[in-house]
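Novice: One structure is given below, represented as structure tokens, and several questions about it will come after.
The values are calculated or read from the model by the stated rules, or taken from the named source; none is laboratory data. These figures come from a predicted structure and were not determined experimentally. Ideal geometry is used to build each Cβ from the backbone, glycine not excepted, and the neighbour counts take in all protein chains shown. When the accessible area is computed, the model is the full protein with side chains, heavy atoms only, and any ligands, DNA or RNA have been set aside. Shrake-Rupley method; radii C 1.70, N 1.55, O 1.52, S 1.80 Å.
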Amino acid sequence: QQPVQSPQAVILREGEDAVINCSSSKALYSVHWYRQKHGEAPVFLMILLKGGEQKGHEKISASFNEKKQQSSLYLTASQLSYSGTYFCGTSGSRGGSNYKLTFGKGTLLTVNP
Amino acid sequence: DSGVTQTPKHLITATGQRVTLRCSPRSGDLSVYWYQQSLDQGLQFLIQYYNGEERAKGNILERFSAQQFPDLHSELNLSSLELGDSALYFCASSVAGSNQPQHFGDGTRLSIL
């Protein structure tokens with residue numbers, strides 16, 4: 001089942017903060033976050049795993065609430081380069097060699113000067 | 001540059017035709033994933049291969065098929081094309097299947113006339 005992202009869109013001024021949420025109706029093992037700029041490929045930002053392990057960029061933070069089946073991506077002191085569509089991808093699988101990610105519809109973030 | 005190569009970048013064809021999209025994963029990556037991205041549906045997972053074997057399947061139509069070859073490159077075959085198949089098709093790769101970042105190619109834009 002497709003995770004639900006909120007908000008659908010957000011407009012910021014440079015230097016402001018934003019939070020993007022991702023909720024699932026199913027139990028989650030991991031949440032992936034990607035950013036896609038217009039006309040480009042999605043780019044990996046972060047993975048959060050059940051149990052607290054995180055892999056990703058130093059300047060981006062995120063949380064994963066396993067009980068609520070939610071994840072939030074925190075973008076602080078936003079820069080113009082943060083603009084793009086942010087997708088969360090979720091998996092209920094612990095792993096192994098098959099690994100299906102289900103992506104949300106995305107959150108369009110626009111940072112203005 | 002993600003290291004994932006997709007060809008061709010653009011394809012224009014007519015309804016009823018058949019096309020083949022090609023993907024070369026990053027060096028060392030064993031898993032290949034195919035996604036379809038349309039404006040209203042976001043990133044839809046189609047299928048995953050790991051080291052030559054199909055490992056996970058999403059909402060892939062029966063008219064679509066894929067394979068991964070011994071050199072790990074993959075092909076997505078789309079047949080009996082319909083107008084609704086017009087979309088951006090992404091290939092991604094990861095080291096293995098389990099909880100690893102997926103690295104996306106630049107995509108193939110398919111337009112059905």
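Novice: Along the charge dipole of the protein assembly as shown, Cβ charges K/R +1 and D/E -1, which of A:PHE103, B:PRO70, A:VAL43 sits furthest on the positive end?
Specialist: A:PHE103
Novice: Still on this structure, please answer the following. Dividing the alpha-carbon Rg of chain B by 2.2 N^0.38 Å yields what?
Specialist: 0.99
Novice: Let me ask something else. Charges only on Cβ, +1 for Lys and Arg, -1 for Asp and Glu: so what's the dipole of the protein assembly as shown about the Cα centre, in debye to the nearest 20?
Specialist: 380
Novice: Which value, in debye to the nearest 20, describes the size of the charge dipole of segment B:60-113 about its Cα centre when Lys and Arg Cβ atoms bear +1, Asp and Glu Cβ atoms bear -1, and nothing else is charged?
Specialist: 80
Novice: Suppose all protein chains stay in the model; what accessible area per residue would a 1.4 Å probe give for chain B, in Å²?
Specialist: Each residue of chain B exposes 46 Å² on average to a 1.4 Å probe.
Novice: Can you compute 3J(HN,Hα) from phi for each residue in segment A:73-81, using the Karplus curve 6.51 cos²θ - 1.76 cosθ + 1.60 with θ = phi - 60°, rounded to whole Hz and x for Gly and Pro?
Specialist: Each residue of segment A:73-81 in turn: 10, 10, 10, 10, 6, 4, 10, 4, 5 Hz.
Novice: OK, next. To the nearest 20 debye, what is the magnitude of the charge dipole of segment B:1-83 about its Cα centre, counting +1 on the Cβ of each Lys and Arg and -1 on the Cβ of each Asp and Glu?
Specialist: Around 100 debye, computed over segment B:1-83.
Novice: Once the dipole of the protein assembly as shown is set up with Lys and Arg at +1 and Asp and Glu at -1 on Cβ about the Cα centre, which of B:LEU110, A:GLY52, B:GLN48 lies farthest towards its positive end?
Specialist: A:GLY52
Novice: Given H placed 1.01 Å from N in the peptide plane, which residues other than close sequence neighbours of B:ALA87 have an amide H under 5 Å from its amide H?
Specialist: Amide H to amide H, under 5 Å and 5 or more residues apart or across chains, B:ALA87 pairs with B:LEU110.
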